[in-house]
């Protein structure tokens, strides 16, 4: 990864830190890291069903849509990723390759580093 | 959206684990294959360009002739989960952030562009994306033989979901409940796979195979400290014991302290502790699976259950669900892991996007999962002549199976390459290594001299469907080798006092040698077996071979293991099979109608078996 991307990713991460702090103070826990003590069940109801249009989107209707931040949601428990994903997608534009491929043989434009173990790569 | 006269849909799963492609034409599966079979890299995660090319060639079409292309998950939802996790675990997540995001910036956030490049801009339609677990659910429900069924999907993680419940009827399915990341039964199992010194995403089978050697003495500790399970099968995990959200390993120091030490070094001696850990996590997994199926039964009242997701490959758990669960019938997608997602998204396009009526096949629509490349006798002969191989050509199938049955009865190990390659992780009689299960030395021989793998690992039996109940306590057919069933008591052999002592020996190789039944090569230490039932409709020639073997020996069972060595994907082409034949101690090889005997191969002594073995990293 080039230096520019590393710098940009570091800057975004530095912005993540205070957000993390504020959310911790406010007790927000989107990942349910604290055990819900009185819960009789941990099932989450999927109240939205994909429709024929949502299948054309890379975002998920059923599992939460990262489409950007609505007013008042920043400090809500709906998650803070929606604030950072647009930034990261903007950075990603710098690296978008042309749709045409030059070589006869297709090869993916980026791959995982050799030092990344399979167990964590499959989560990414 | 209206389908054209003939609708061609390509499904793709890629970029994470076990990439694959599947092609539906007018709702029928025409081809499906995993990328690893072509690239010869096990669980290859790259964009499945070779599998796609194969699928298109099977239908004789080019990308421009495709009506729809579907991807098996939703990249932006997954990205949302990833970033949310890094925020929740800041600042410890910094290293992982810097490692993972470059791939997203360069590739995964440009998926449509990547696909355009892969298809050379020849595909003119729009791309379709389905939720990961919906793809799993579709791969389980739509090809199943059921008009309606409860649905359970369990795996590591997709976008946010790790486990889902739902219901399908006709041409529609709906997932109604989910457990969300980071709480994941699949990842709990993988954490123990890692901790017991096996590779995650491939070693889970080994943990399952190791479990019967141990006692589940850590089960209560796991349930007390790591995972809290409700009566309805839902669960919550204490993430302070794990490191996969923020780090580069599965387990944390706290986990290691809890279980009394660091993870086992891969390839080091397996102790009783690892066996007990395996038994414990297996017991927890089965308990959660059983509770989940009881809950989904309560919600749906269906008699039928379909399952998919990596955890659905846990055949021991599946066997218990069938025996102890509330469902009358279950059907599990043979490619239950991520590769099956390619098929699932293609089905979703056909049924959900295009609203096509569903045609139900009373056996199922998976066609025995024999959906990969096939090589005719002409191509095989060309290759064999080129390779200077010595072979006998049998024009008559009857003579061929008769000859091979004789070899098997003589305890020879045979590589069997016939028809279309399997889709999914199991060899089902198209790319199999087979042997006589009655032999007391067969398991050790196959493990050590042919597969070059750990000696404790059991082999699976295939049995003629009509004779299955004579040997195994199995109520359902099991054509995809996804159910474990006990060997019937009448076939078991009581161990002598001396053997009882051996069965406590810390060296697993000695334990494996104890003869436990009339089919010892396929009877695990707890008298269980991972059964494949073989029938003529699905398995054709393989069925007729088994039938002939039974006529000669009275035994309707064979050992059936995948045609590969440790770390190698299952063979795809005659070249792959011939190389594996020369590189191992296999006695004979059947390629279509050709029979090759090792002793007749003049080029066998010159073959560099060591180089062949070392070309595959141990899994």
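Kindly evaluate residue B:225 against the criterion of being buried (at least 23 other Cβ atoms within 10 Å of the Cβ), farther than 30 Å from residue B:485 by Cβ, in contact (Cβ under 8 Å) with a residue 24 or more places away in the chain and in contact with a helix residue (DSSP H, G or I) (Cβ under 8 Å, 6 or more places away or on another chain). Don't jump to the end; show me each part of the working.
Details: buried (at least 23 other Cβ atoms within 10 Å of the Cβ): no; farther than 30 Å from residue B:485 by Cβ: yes; in contact (Cβ under 8 Å) with a residue 24 or more places away in the chain: yes; in contact with a helix residue (DSSP H, G or I) (Cβ under 8 Å, 6 or more places away or on another chain): yes.
No; evaluated as a whole, the condition is false for this residue.
Here is a yes/no grid of residues against (1) farther than 9 Å from residue B:533 by Cβ; (2) modelled with pLDDT of 90 or more; (3) outside any loop (DSSP other than H, G, I, E, B):
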site: B:449; (1), (2), (3): yes, no, yes
site: B:453; (1), (2), (3): yes, no, no
site: B:458; (1), (2), (3): yes, no, no
site: B:463; (1), (2), (3): no, yes, yes
site: B:468; (1), (2), (3): no, yes, yes
site: B:477; (1), (2), (3): no, yes, no
site: B:485; (1), (2), (3): yes, yes, yes
site: B:490; (1), (2), (3): yes, yes, yes
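State yes or no: is residue B:507 surrounded by fewer than 21 Cβ atoms within 10 Å (Cβ to Cβ) and either within 16 Å of residue B:460 (Cα to Cα) or touching a helix residue (DSSP H, G or I) at 6+ places or on another chain (Cβ under 8 Å) (or both)? Before you say what the answer is, go through the steps one by one.
Details: surrounded by fewer than 21 Cβ atoms within 10 Å (Cβ to Cβ): yes; either within 16 Å of residue B:460 (Cα to Cα) or touching a helix residue (DSSP H, G or I) at 6+ places or on another chain (Cβ under 8 Å) (or both): no.
Spelling it out, it is not the case that residue B:507 is surrounded by fewer than 21 Cβ atoms within 10 Å (Cβ to Cβ) and either within 16 Å of residue B:460 (Cα to Cα) or touching a helix residue (DSSP H, G or I) at 6+ places or on another chain (Cβ under 8 Å) (or both).
How about the stretch B:313-398: which helices (runs of 4 or more DSSP H) wholly inside it have at least 1 residues that are in contact (Cβ under 8 Å) with a residue 24 or more places away in the chain, within 23 Å of the chain's Cα centre (by Cα) and away from chain A (no Cβ under 14 Å)?
Numbers: elements: B:315-324, B:340-348, B:377-386.
Result: B:315-324, B:340-348.
Just to be sure before I move on: is residue B:334 surrounded by fewer than 24 Cβ atoms within 10 Å (Cβ to Cβ) and out of contact with any strand residue (DSSP E or B) (no Cβ under 6 Å at 6 or more places or on another chain) in the structure I sent? Spell out how you get there, then give the answer.
Values: surrounded by fewer than 24 Cβ atoms within 10 Å (Cβ to Cβ): no; out of contact with any strand residue (DSSP E or B) (no Cβ under 6 Å at 6 or more places or on another chain): yes.
Spelling it out, it is not the case that residue B:334 is surrounded by fewer than 24 Cβ atoms within 10 Å (Cβ to Cβ) and out of contact with any strand residue (DSSP E or B) (no Cβ under 6 Å at 6 or more places or on another chain).
Scan the stretch B:97-110 for residues that are facing chain A (nearest Cβ under 7 Å) and in contact (Cβ under 8 Å) with a residue 40 or more places away in the chain and jot them down.
B:99, B:107
Can you tell me which residues in the stretch B:144-156 are buried (at least 24 other Cβ atoms within 10 Å of the Cβ) and either in a loop (DSSP other than H, G, I, E, B) or within 8 Å of chain A (Cβ to nearest Cβ) (or both)? Steps first, answer last, please.
Going through the stretch B:144-156, the residues buried (at least 24 other Cβ atoms within 10 Å of the Cβ) turn out to be B:144, B:149-156.
Once the filter is applied, which keeps residues that are buried (at least 24 other Cβ atoms within 10 Å of the Cβ) and either in a loop (DSSP other than H, G, I, E, B) or within 8 Å of chain A (Cβ to nearest Cβ) (or both), the stretch B:144-156 yields B:144, B:155, B:156.
Suppose we filter B:541, B:516, B:548 for residues that are without any contact (Cβ under 8 Å) to a residue 40 or more places away in the chain and crowded, with 18+ Cβ neighbours inside 10 Å; which single one remains? Steps first, please.
Working: B:541 fails: without any contact (Cβ under 8 Å) to a residue 40 or more places away in the chain; B:548 fails: without any contact (Cβ under 8 Å) to a residue 40 or more places away in the chain.
None of the others qualify; the one that does is B:516.
Tell me which residues, restricted to the stretch B:519-538, are surrounded by fewer than 22 Cβ atoms within 10 Å (Cβ to Cβ), touching a strand residue (DSSP E or B) at 6+ places or on another chain (Cβ under 7 Å) and part of a loop (DSSP other than H, G, I, E, B).
Matches in the stretch B:519-538: B:527 only.
Which one of the conditions (1) crowded, with 19+ Cβ neighbours inside 10 Å; (2) part of a loop (DSSP other than H, G, I, E, B); (3) within 26 Å of the chain's Cα centre (by Cα) does residue B:248 fail to meet, given that it meets all the rest?
Only one criterion is unmet by residue B:248, namely (1).
Does residue B:185 count as over 29 Å from residue B:26 (Cβ atoms) and within 18 Å of the chain's Cα centre (by Cα)? Talk me through it step by step, then tell me what you get.
Working: over 29 Å from residue B:26 (Cβ atoms): yes; within 18 Å of the chain's Cα centre (by Cα): yes.
Judged against the criteria, residue B:185 is a match.
Considering only the stretch A:3-33, state which residues are in a loop (DSSP other than H, G, I, E, B) and either in contact with a strand residue (DSSP E or B) (Cβ under 7 Å, 6 or more places away or on another chain) or under 21 Å from residue B:82 (Cβ atoms) (or both). Walk me through it before giving the result.
Restricting attention to the stretch A:3-33, the residues satisfying the condition of being in a loop (DSSP other than H, G, I, E, B) are A:27-33.
Answer for the stretch A:3-33, where residues must be in a loop (DSSP other than H, G, I, E, B) and either in contact with a strand residue (DSSP E or B) (Cβ under 7 Å, 6 or more places away or on another chain) or under 21 Å from residue B:82 (Cβ atoms) (or both): A:28, A:29, A:30, A:31, A:32, A:33.
For residues that are within 7 Å of another protein chain (Cβ to nearest Cβ) and assigned to a helix (DSSP H, G or I), scanning just the stretch B:112-130, find the one that is surrounded by the fewest Cβ atoms within 10 Å (Cβ to Cβ). Steps first, please.
First, pick out the residues of the stretch B:112-130 that are within 7 Å of another protein chain (Cβ to nearest Cβ): B:113-114, B:116-118, B:120-121, B:126, B:128-130.
Still in the running and assigned to a helix (DSSP H, G or I): B:113-114, B:116-118.
On the way: B:113: 15, B:114: 24, B:116: 19, B:117: 22, B:118: 22.
Selected residue: B:113.
Here are some conditions: (1) part of a helix (DSSP H, G or I); (2) in contact with a helix residue (DSSP H, G or I) (Cβ under 7 Å, 6 or more places away or on another chain); (3) more than 9 Å from chain A (Cβ to nearest Cβ). Residue B:140 meets all but one. Which one does it not meet?
Tallying (1) part of a helix (DSSP H, G or I); (2) in contact with a helix residue (DSSP H, G or I) (Cβ under 7 Å, 6 or more places away or on another chain); (3) more than 9 Å from chain A (Cβ to nearest Cβ), residue B:140 fails exactly one: (2).
Would you confirm whether any residue within the stretch A:74-85 is at pLDDT 85 or above and under 24 Å from residue B:119 (Cβ atoms)? Quick ask: steps written out before the conclusion?
Just the residues of the stretch A:74-85 that are at pLDDT 85 or above, to begin with: A:80-85.
So of that shortlist, the ones also under 24 Å from residue B:119 (Cβ atoms) come out as none.
No: zero hits.
Residue B:207 passes all but one of (1) under 15 Å from residue B:276 (Cβ atoms); (2) surrounded by fewer than 24 Cβ atoms within 10 Å (Cβ to Cβ); which number fails?
Only one criterion is unmet by residue B:207, namely (2).
Could you check residue B:4 against (1) at pLDDT below 95; (2) closer than 15 Å to residue B:423 by Cα and say which number it fails?
It is condition (2) that residue B:4 fails.
Go through the stretch A:41-66 and report how many residues are more than 7 Å from chain B (Cβ to nearest Cβ) and either outside any loop (DSSP other than H, G, I, E, B) or closer than 24 Å to residue B:295 by Cβ (or both).
Going residue by residue through the stretch A:41-66, those that are more than 7 Å from chain B (Cβ to nearest Cβ) are A:47-48, A:51, A:53-54, A:61, A:65.
Checking which are either outside any loop (DSSP other than H, G, I, E, B) or closer than 24 Å to residue B:295 by Cβ (or both) leaves us with A:47-48, A:54.
Qualifying residue count, the stretch A:41-66: 3.
The values are calculated or read from the model by the stated rules, or taken from the named source; none is laboratory data. Everything numeric in this text was worked out from a predicted model, so none of it was measured. Neighbour counts run over all protein chains shown; Cβ positions are idealised from the backbone, glycine included.
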